[in-house]
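The structure appears below as structure tokens.
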Amino acid sequence: MTKNTLLNTAIWVTRLLKIILVIAAIGITSLFIYAQIDKDRFADEEIVLKANPSYLGVSTIISDVWKEDTKNTKYDSKPYTFGKLKTVSLYINYFKAISVAVLLFLILRAFETIMLSVKTLHTFSSRNAKLFRKIGIYIIVVTILISYTVLRFESGSQTIAHLSLTPVIYILLAFILAEIFKEGEYLREENDLTI
Amino acid sequence: MPIVVNLDLILAKRGMKSNELAELVGITTANLSILKTGKAKAIRFSTLEAICKALDCQPSDILEYVED
């Protein structure tokens, strides 16, 4: 199956997305390092979390300013700026973003391996079944990671909780495909050993 | 598997080699080897018919049921 244009296009798109992900991860890391070196550069940049529009799910933002500070007349008019973001919060969110990028890269790599096996007519194999199961697990982890974000500032915090049914459908699809490929492998083996 | 393939025995009786039979039946020597070693999961009626024709025997001469 070497002249399947759609399959070849999908493989190239996957490779392109992998490159974009690597560039994005390098960009985030560079920005993270730069923000550590030159803290004043982004100090006044305001951080505003936005809820993701979702057809099948909920997305909420909870913004909070510490009450003790408002009582002590230390009311901060701009509590959500980069300069006031706590270092621990910055580190946690950076590692979260990198973890999501790594997991998305692994998902794309698994898809690429599956598509290459389809191209070489080795579609139904235990390796592909395992890869689909892995994709399902990766999507579970990505969903958990992106469903909850907390940014803690010196005098306040912003929390975003996002629950959507869309990833659940993807997870189910990945596990169903894993089972289909496992069954396919059994049928292929049965066919190969029929003389 | 309790089904035993006695192809080696019949081949020896007929004085025929595996590759000769494979050629007569129209299957590869690799597939004939799978059949002889008992790794095969199924045999097509067309293959069985061709083997019986080539070896001038009955299916019961090739296949035998032996309890485990």
Between the helical axis of A:126-147 and the dominant principal axis of chain A, each derived from Cα atoms, what acute angle in degrees is found, rounded to the nearest 10?
-> 10
For chain A, the longest principal axis of the Cα atoms and the Cα long axis of helix A:5-37 enclose an angle in degrees, to the nearest 10, of 20
May I ask you to list the residues of region A:92-115 whose amide nitrogen lies under 20 Å from a point 7 Å from Cα along the Cα→beta-carbon direction of A:Leu173?
-> A:101, A:103-115
Given the protein chains as shown and a 1.4 Å probe, how many square angstrom of A:Tyr186 are accessible, to the nearest 10?
-> 110
Kindly express, to the nearest 10 degrees and within the range 0 to 90, the angle between helix A:166-192's C-alpha long axis and the longest C-alpha principal axis of chain A.
-> 20
Taking alpha-carbon centroids only, region A:106-179 lies from chain B a number of Å equal to 48
So, for the Cα atoms of region A:79-149, Rg and Dmax in Å stand at 17.3, 58
XL table A:Lys18/A:Lys130; A:Lys130/B:Lys17; A:Lys96/A:Lys130; A:Lys18/A:Lys182; A:Lys119/B:Lys39; A:Lys182/B:Lys36; Cα-Cα > 32 Å flagged, in table order, is A:Lys130/B:Lys17
Computed from the beta carbon distance with a Förster radius of 35 Å, FRET efficiency for A:Ile19 and A:Thr123 to the nearest 0.05 stands at 0.85
A:Leu172 accessible area, nearest 10 Å², 1.4 Å probe?
-> 100
How many percent of all Cα-Cα pairs in the protein assembly as shown sit more than 26 Å apart?
-> 64
Extreme residue, positive dipole direction of the protein assembly as shown, given options A:Ile26, B:Leu11, A:Ile146 (C-beta unit charges) | A:Ile26
Average projected area of the Cα convex hull of region A:119-195, in nm²?
-> 6.7
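May I ask you to give the average projected area over all directions of the convex hull of the Cα atoms of region B:29-68, in nm² rounded to one decimal?
Result: 3.2 nm².
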Rounded to the nearest 10 Å², the 1.4 Å probe accessible area of A:Ile171 is 30
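The values are calculated or read from the model by the stated rules, or taken from the named source; none is laboratory data. Please read these numbers as outputs of a predicted model, since none were measured by experiment. With ideal geometry, Cβ positions are generated from the backbone for all residues, glycine too; neighbour counts draw on all protein chains shown. Just the protein is used for accessible areas: all its heavy atoms, side chains included, with ligands, DNA and RNA removed. Shrake-Rupley method; radii C 1.70, N 1.55, O 1.52, S 1.80 Å.
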